[in-house]
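Values in this text are rule-based calculations from the coordinates and carry no lab data. What you see is a predicted model; the values in this text were computed from it and never measured. Quick reminder, even Gly has a Cβ in these numbers, built from the backbone with ideal geometry, and neighbours come from all protein chains shown.
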Amino acid sequence: MNNLEEEILNEFDEKFPNPLYDEAQIGSPTANTPIRFFISQSLARQKQAFINKVEGKRLPDKQGYYGPYDTKKMKTIGILTTFYSIDPAYSLCSVVLDQLRALVKYEYKTVLFVLPAFEDPEHLIPEGVEVRKIVPQLILEPYKEFSYPAHWKEDVEKAKGMFEKNMQDIDYLICHDIFFIDTFLPYNIALRESNLSCRIFSWIHSAPSSRPVLDNNPHANRYTLPPRTTLIYLNNDKANELAEMMGCWLKDVRVVPNSRDVRGFWNLHPLVEDLIERYDLLEADIISVYPLSTPRMIAGKGLDKAIKLHSKLKELGYKTKLIVPNAHANAKRDKGTVADTMVWAADRGITPYDLIFTSQQDPPRYEHGVSPKIVSDLFRISNVFIFPTVSENSSLVLLEAMLSGNLLVLNKAVGTLREHAVETALYFDFDYRHDKEENERYYLDLGKIVASQFEQMKPLQAKRRALQRHSYDYIFKHFIEPLFFENESATTNLP
């Protein structure tokens, strides 16, 4: 343990005494070391992150991601829309909401530009976003297809004035369909003519079409790329066609897929959202949920065997999470059982970051248990249900796992489980009794069987990919944020 870790752990013990970290309650100091060591590392990292933030830099996360800290200044990102409300039923609103969430989470100064009449009665705009109601409300009907009114230049001047007045602090401006939709033409031309220094990222959400000949028609501006602008499309398949339509080079096009994050799509319980954030659940390959009563979690439910199987899956290279919505964990003895289990799991390579008890979240709030809504939401993001229980009559949690589409891994010694799951599950002997070395090999073989079945189940792999590769965190880190740090050379239109 380094000095910073020791210092922060001592501060934590003084300010936040918690029975989980009481060595007398958990057992011997030696047995308690793995949890204390993990806590000291985690807290030291938080403190160092704060120090680095003050100094203008940032530690990399577990994937080596450094985040947006710039030693000179933070970037200000604007998103230009014509929204008068934020309705998630409108797909573009969902895209913008995810972008706003990511920008705020990764600590960018974020500005949303909307119409003067904009309202957000349900408070969907993330806290930390500045909403500027400065986009002029124009009559856009006359701009449909290739038409335009006689006063189109007046509309352009009105928008240009508002943009120049209210966008001077923007470093990067994200536009959604502004440069392509016919009725947005006055905003399109206003941006081109505005005296702004920001770089622009122009999202196109429509399929490309043929490039029309539009001599002396202002709609020709919909088919050229302005200076300092990068074209953003949603897939690689049509990116080249889009470049041809816009009269630019393929090098001027970047592909950024849409995110569809479960935190917005499923309306998850706040605790589940907090667990996703705190433990990076969406990055996991295998997520198991095992609801149980704390006093029976070892002898009656065999949680230790589920942990053991998870440790073998982790040995095989999978990122695993085992979430335990545990009830009846308010007594001192039960808290000790949870702590001892975490120490035992840590010795097997399953850290407190991989084994998550709901009773430990915001104590003592969830020590008596969690709501069915929370259990349901956790099952929705899970994919493998490991159930080494020793006795069941008609298991509700098994039915919940089945309804959630999990791969079922059940105890073959409990015949009632087969009455529900019939031949749709894997059935294992979790009480395989041999010497330790042989037992370890046996559980590794079980892990290989689970992994093989898991990889063959296409719906689970599709879900895994959507959770991992289309969360707003992943799309932001791997596609959007790199745009802010590219070489800012001007794009080039084809002659």
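Miscellaneous remarks
- Net length gained if the chain between HIS205 and LYS105 were fully extended (0.36 nm per residue, minus Cα distance): 33.5 nm
- Sites listed here are GluC sites (Glu not before Pro) in segment 381-486 whose DSSP assignment is loop and whose Cβ has at most 12 other Cβ atoms within 10 Å: GLU486.
- Whole-Hz Karplus values for segment 467-484 come out as 5, 7, 9, 10, 6, 5, 5, 5, 4, 5, 5, 9, 10, 7, 4, x, 4, 6 Hz, taken residue by residue from phi with 6.51 cos²θ - 1.76 cosθ + 1.60 and θ = phi - 60°; glycine and proline positions read x.
- Of all aspartates and glutamates in the structure, those lying under 20 Å Cα to Cα from LYS144, and not within fewer than 8 positions of it along the same chain, are GLU154, ASP155, GLU157, ASP177, ASP182, ASP215.
- Cβ crowding within 10 Å, taken as a proxy for footprinting-reagent exposure, orders TYR442, TYR172, TYR143 from fewest neighbours to most as TYR442, TYR172, TYR143.
- Coil-residue chymotrypsin sites (Phe, Trp or Tyr not before Pro) of segment 341-408, DSSP, other Cβ within 10 Å capped at 16: TYR353
- Net charge dipole size for segment 268-469 [Lys, Arg +1 and Asp, Glu -1 on Cβ; Debye, nearest 20]: 200
- Ranking HIS310, THR358, LEU281 by Cα position along the charge dipole of segment 268-469, where only Lys, Arg, Asp and Glu carry charges on their C-beta atoms, puts LEU281 farthest toward the positive end.
- Anisotropy class of segment 196-332 from Cα gyration tensor, a/c 1.5 cut: prolate
- Gyration tensor verdict on segment 268-469 (Cα atoms; rounded if a/c is under 1.5, prolate if a/b is larger than b/c, oblate otherwise): rounded
- Under-5 Å amide H pairs with LYS412, H placed in peptide plane, nonlocal only: PHE428, ASP429, PHE430
- Highest to lowest packing among 145-156, 300-311, scored as the average C-beta count within 10 Å: 300-311, 145-156
- Antiparallel bridge percentage (DSSP; both residues within segment 153-281; nearest 5): 0
- Neighbour counts of other Cβ atoms within 10 Å put HIS205, HIS176 in the fewest-to-most order HIS205, HIS176.
- Under the Karplus curve 6.51 cos²θ - 1.76 cosθ + 1.60, θ = phi - 60°, whole-Hz ³J(HN,Hα) for segment 218-226, x wherever Gly or Pro sits: x, 5, 4, 5, 7, 10, 9, 9, x
- Note, ³J(HN,Hα) from phi for segment 298-307, Karplus 6.51, -1.76, 1.60, rounded to Hz, x at Gly and Pro: 9, 5, x, 9, x, 4, 4, 6, 5, 4
- Relative contact order of segment 268-469, defined on C-alpha pairs under 8 angstrom at six or more residues apart (%): 23
- Gyration tensor (alpha-carbon) shape descriptor, segment 402-466, a/c threshold 1.5: oblate
- Computed over segment 109-175: relative contact order in percent, which uses C-alpha pairs under 8 Å that are six or more apart: 29
- Given LYS305/LYS448; LYS335/LYS448; LYS301/LYS335; LYS412/LYS448; LYS75/LYS158; LYS105/LYS314, the pairs whose alpha carbons are separated by over 21 Å: LYS335/LYS448; LYS75/LYS158; LYS105/LYS314
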